[in-house]
Amino acid sequence: MRRRPLLDGWPLALGLMAVTWYSVFSVGQQHQEASTLAGGWTFAVPLMAILTAHEFGHYIAARLHGVDISPPYFIPFPNFFGTMGAVIAMRARITSRNALLDIGAAGPLAGMVVAIPVLVIGMLESPIAPSPPRGTLGPAGSVGIPDVVGGFYQEGHSLFYDLLLWLVHGGIPEGHDIHLTPTALAGWAGLLVTMINLLPVGQLDGGHVAYALFGRAQDRYGRLVLRALPVLAVLSSAVLVLRGWLLNHGPASLVGNAMAGLPWLVWWALLEFMLRGDNAEHPPTDDDTLSSGRRKVAWLTLALFPLLFMPAWLRAQ
């Protein structure tokens, strides 16, 4: 096979990375309410460190296995995070189960190594303060995620997130919540990105790991998981609306709860689009062998998904 040029893909990758850094710094400036772009570093640097560790975990593992892989292409986007993450193109099929596991697991595991200390440091800096009235609008620094678009927003909670919150702050008094600093928000975003990528579907990180573990049966398991996502979207919204109604939350809060499942529905639609036609099944490997050590790593990696699972990613209060 003809060797690719050393810089193949890197000029575009580095250009997109530079634009993404600018985009994330801009969002960080808003979260910090800083007067200059540099003031957004407490959000931008930790978030990009998490994402870079994740993507280069994949890239380095693939290079070590001699797999033809593109550099990571970061995607700038002016949203709460300033980016939609990054994509890496596998230019050739991964033929070994061991290589598939290493490449699939390296990203989320490397990202978590950075995300956990970032989140802990951010939580230590984040005050516990009274919750604002539900269904109202307010300034930045409100409960959960600092405001960017004019309202209070509640971050999604997972078992792992709640465990860290308990370890750092202990029990939170009734009527209070943690007010995330930009650094804490970056760490939380790292958990969210890892959770999304570990969904055992298609060629997501979780799909690679599950295929390395289960082989062709994973195609069937992945379809079942994909079909469950719209149900999950409806259930998460319904449960939150019912809870809000029982607790006499205001109309604006109930509307926010009703929209809480929308991200799962959008993600389901995107996956359905990506998995159409020839992409419906995971590319096969040439062997059925997964070493015992890697089998343990596979189960550990897949176990991260339920620990990081957030029924609602983000909802308006």
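Throughout, read-outs are computed from the coordinates displayed, never taken from laboratory work. All values reported here derive from a predicted model rather than from experimental measurement. Glycine gets a Cβ as well: all are built from the backbone with ideal geometry, and neighbour counts include every protein chain shown.
Figures for the structure shown
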| read-out | value |
| --- | --- |
| Between segment 233-247 and segment 58-96, the Cα center-to-center distance that results, in Å | 37 |
| Surface/4 estimate of mean projected area, convex hull on alpha-carbon atoms of segment 63-115, nm² | 4.4 |
| Kirkwood Rh and Cα Rg combined as Rg/Rh, segment 219-317 | 1.12 |
| Dimensionless Rg over Rh [the chain; C-alpha; Kirkwood] | 0.98 |
| Three-way shape call for segment 143-287 based on the alpha-carbon gyration tensor, with the a/c threshold at 1.5 | prolate |
| Positive dipole terminus of segment 1-72, leading residue within Gly40, Ile60, Met17 (C-beta point charges) | Ile60 |
| Given charges at Cβ of Lys, Arg, Asp, Glu: segment 196-317 dipole, positive-most of Ser237, Val297, Leu213 | Ser237 |
| Size of electric dipole in the chain: Cβ of Lys, Arg +1 and of Asp, Glu -1, about Cα centre, debye, nearest 20 | 700 |
| q = 0.19, 0.24 Å⁻¹: log10 I(q)/I(0) that the Debye formula gives for segment 26-139, counting C-alpha atoms only | -1.04, -1.30 |
| Label-point gap, in nm, between Leu159 and Trp10 - each point 7 angstrom along Cα→Cβ | 4.3 |
| Most positive-pole-ward Cα, Gln30, Ala115, Leu101, against dipole of the chain from beta carbon charges | Leu101 |
